[in-house]
Amino acid sequence: MSVSTKYIFVTGGVTSSLGKGIISASLAKLLQARGYSVTIQKLDPYINIDPGTLNPYEHGECYVTDDGAETDLDLGHYERFLNVPTSQANNVTTGKIYQSVIDKERRGDYLGKTVQVIPHITDEIKNRIRLLGLTGNYEFVITEIGGTVGDIESLPYVEAVRQLKWELGKDALVVHLTLIPYLNTTGELKTKPTQHSVKTLLEYGVQPDILVCRTEHKLGLDLRKKIALFCNVEPDAVIEAIDASTIYEVPVLMEHEQLDLVVLNKLHLAKGGNADLKKWKDFLSKLKNPKSEVRVGLVGKYVELKDSYKSIAESFMHAGASNECKVRIEWIHSETLNEKNVEEKLKGLKGILVAPGFGSRGIEGKISAIRYARENKVPFFGICLGMQCAVIEFARNVLGLKDANSTEINSAIEHPVIDMMEAQKRIVNKGGTMRLGAYKCKVKDGTRTHDIYGKKDISERHRHRYEFNNKYLEQFEKAGMIAAGKNPESDLVEIIELKNHPWFIGVQFHPEYKSTVANPHPLFVGFVKAVMGVPVKEKAVH
Ligand code: GLN
């Protein structure tokens, strides 16, 4: 398919955290619902090459694509909303831009010229934006510019937008997301910060076409007209983005505000079909009107910042809605758990998820939680490090290998049940050197996992260095912990499950990266069912 691509740039003003990612994803959803093909890209103005080396406390979860890119968590929203995979090309950072310009300089590609922000850095940014359009796969490329207009770091990006808008003419437009604060003392909504932020954009030569205004109260017509007058936009291009109870409501609010129609009019495009949001609205209605509620414990070491586990929390929303059940997550800090208090702390929870993570902090707490879940037959779901901890717990307390551990935590041990593969050991760099992205997995017949997926051949995304040590597999399987899934090429264990337990599954991969509104992940759906106490089939092999 080859189509002429329209480019929409989404900038942010007044303050960060207004939800550019959600507005971008909602606009994309509406265009998609009218039959257009859309992709969304995030430009991040920080100097890290990617967020892979960032502590989750800094920037929330690191999201991983099929092709192994470690990306900003907004890409997770894009996929969850659109149900279309993103890739390396969908997240660009200043680090990546400079790295490639400097590589070109070293190769002599600039033929002796002085290398400068304009045009060399801005050209590189523009190329990255156009790259997605050049694939011929998309009628719309929506590019979200991270940060806030006026930041030093985002200047080259805003300049690239100015140049592209000039070059693309009628094929491009700029949506600026701002805040209309409400002053309690006077009981008024204030437009001044928005006026200033648009003025800043104008100083850089960019006239926004549409203003999306975050607000706690409805924007009346007078206010819209006032904003329009001060900012050179039409009143119908002043869009109200009122606070929503869930991010999944935003596409419906934007539909009501006709954001998609304003965009299509400005780009002189046909409306396409009517926006078909039926499935989306069904999901939303189930999400907002659950018939039951369950409490699940999420044991992790970054629980102070909920964004660290964004995709897991969203996967629970999808799986909860599909079961018409509200999943209430109890965030439990793994460092606060030990063998003595675990019972008291976890009592009453109907399911326990042990989260991914790196390093030794909180490990013993995770292992105590798993022992509690295993012995008390509480449904358990372990993801990546959570699965590795389940293996360590079983080795210590069932197989009697008292010092069992992962070599990530302690390398001077007799029983490295989780270990690094030889090829990994030679790598010294930290960034981008893990087992990353999609790998195949063959699910074993007759296992609970097979029942859940309903098929044998699956593919899931990875982000880890350490693996189940196959030397111990026979011992584990004899004692009741089986490899329910393996990589068909490398034979690495991807999934473990316990016999004689209502629901105990650990996965080396990250199912949460693939759960979307349209396709809730089967493992989360199955786990929520187990937590709700829906009877599960007894297994033949078990
Ligand atoms: N730290 C573990 C590893 O590198 C697990 C990683 C994770 O949980 N994502 O293998």
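The values are calculated or read from the model by the stated rules, or taken from the named source; none is laboratory data. Values in this document were obtained by computation on a predicted structure and should not be read as measured data. All Cβ positions, even for glycine, are placed from backbone atoms using ideal geometry, and neighbour counts span all protein chains on display. Please note that ligands, DNA and RNA were not included when accessible areas were found on the heavy atoms of the full protein model with its side chains. Shrake-Rupley method; radii C 1.70, N 1.55, O 1.52, S 1.80 Å.
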Check your understanding: Looking at the stretch 157-171, is at least one residue modelled with pLDDT under 95, part of a loop (DSSP other than H, G, I, E, B) and more than 24 Å from the chain's Cα centre (by Cα)?
Key -> no
Revision key, fill the gap. For the stretch 27-53, pairs from a residue that is open to solvent by 30 Å² or more (accessible area, probe 1.4 Å) to a residue that is modelled with pLDDT of 95 or more and assigned to a loop (DSSP other than H, G, I, E, B), with Cβ under 6 Å and 6 or more apart or across chains, are Tyr36/Glu139
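Which fully enclosed helices (runs of 4 or more DSSP H) of the stretch 196-283 have 1 or more residues being over 21 Å from Ala33 (Cα atoms)? Break it down stepwise before answering.
Working: elements: 221-231, 250-256, 259-266.
Correct list: 221-231.
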Exercise for review: Hand me the list of helices (runs of 4 or more DSSP H) wholly inside the stretch 291-397 holding 3 or more residues that are under 26 Å from the mean Cα position of the chain (by Cα) and away from the ligand (no atom under 16 Å from the Cβ).
Suggested key: 310-322
Review point. Just checking, which of Ile247, Ile210, Ile239 is touching a Cys at 6+ places or on another chain (Cβ under 7 Å) and modelled with pLDDT of 95 or more?
Key: Ile239
Revision key, fill the gap. If you go through Ile413, Ile427, the only one that is assigned to a loop (DSSP other than H, G, I, E, B), of a type in the set (A, V, I, L, M, F, W, C), modelled with pLDDT under 95 and under 29 Å from the mean Cα position of the chain (by Cα) is Ile427
Practice item. Select from the stretch 468-516 the residues that are closer than 19 Å to Leu399 by Cα and among the basic types (Lys, Arg) and write down the one among them that is surrounded by the most Cβ atoms within 10 Å (Cβ to Cβ). Key: Lys499
Check your understanding: Could you give every pair whose Cβ atoms fall below 6 Å, whose first residue belongs to the stretch 85-106 and is acidic (Asp, Glu), and whose second residue is open to solvent by 10 Å² or more (accessible area, probe 1.4 Å) and at pLDDT 95 or above, counting only separations of at least 6 or pairs across chains?
Key -> Glu105/Val115
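Here's the yes/no breakdown for (1) open to solvent by less than 60 Å² (accessible area, probe 1.4 Å); (2) in a loop (DSSP other than H, G, I, E, B); (3) touching a strand residue (DSSP E or B) at 6+ places or on another chain (Cβ under 9 Å):
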site	(1), (2), (3)
His77	yes, no, yes
Arg80	yes, no, no
Ser100	yes, no, no
Arg106	no, no, no
Pro119	yes, no, no
Thr122	yes, no, no
Lys126	yes, no, no
Gly136	yes, yes, no
Ile142	yes, no, yes
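Take Arg465 and decide whether it is within 16 Å of the ligand (Cβ to nearest atom) and either open to solvent by 50 Å² or more (accessible area, probe 1.4 Å) or at pLDDT below 95 (or both). So that I can check it myself, show each step before the final result.
Numbers: within 16 Å of the ligand (Cβ to nearest atom): yes; either open to solvent by 50 Å² or more (accessible area, probe 1.4 Å) or at pLDDT below 95 (or both): yes.
Yes; evaluated as a whole, the condition is true for this residue.
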Review point. Out of (1) more than 15 Å from the ligand (Cβ to nearest atom); (2) touching a helix residue (DSSP H, G or I) at 6+ places or on another chain (Cβ under 6 Å); (3) open to solvent by 10 Å² or more (accessible area, probe 1.4 Å); (4) closer than 27 Å to Trp331 by Cβ, the odd one out for Ile409 is which?
Key: (1)
Revision key, fill the gap. Residue pairs qualifying under the 7 Å Cβ cut-off, at least six apart or on distinct chains, with the first in the stretch 351-372 being in contact (Cβ under 8 Å) with a residue 12 or more places away in the chain and the second being open to solvent by 10 Å² or more (accessible area, probe 1.4 Å) and of a type in the set (Ser, Thr, Tyr), are Gly365/Thr336
Review point. Given (1) in a loop (DSSP other than H, G, I, E, B); (2) crowded, with 22+ Cβ neighbours inside 10 Å, where does Tyr110 come up short, assuming only one miss?
Key: (2)
Exercise for review: State which residue pairs qualify: first residue under 11 Å from Gly485 (Cα atoms) and inside the stretch 503-515, second residue part of a helix (DSSP H, G or I) and within 15 Å of the ligand (Cβ to nearest atom) in any location, beta carbons under 6 Å apart, and separation of 6 or more residues or different chains.
Suggested key: Gly506/Met387; Gly506/Ala390; Val507/Met387; Gln508/Met387
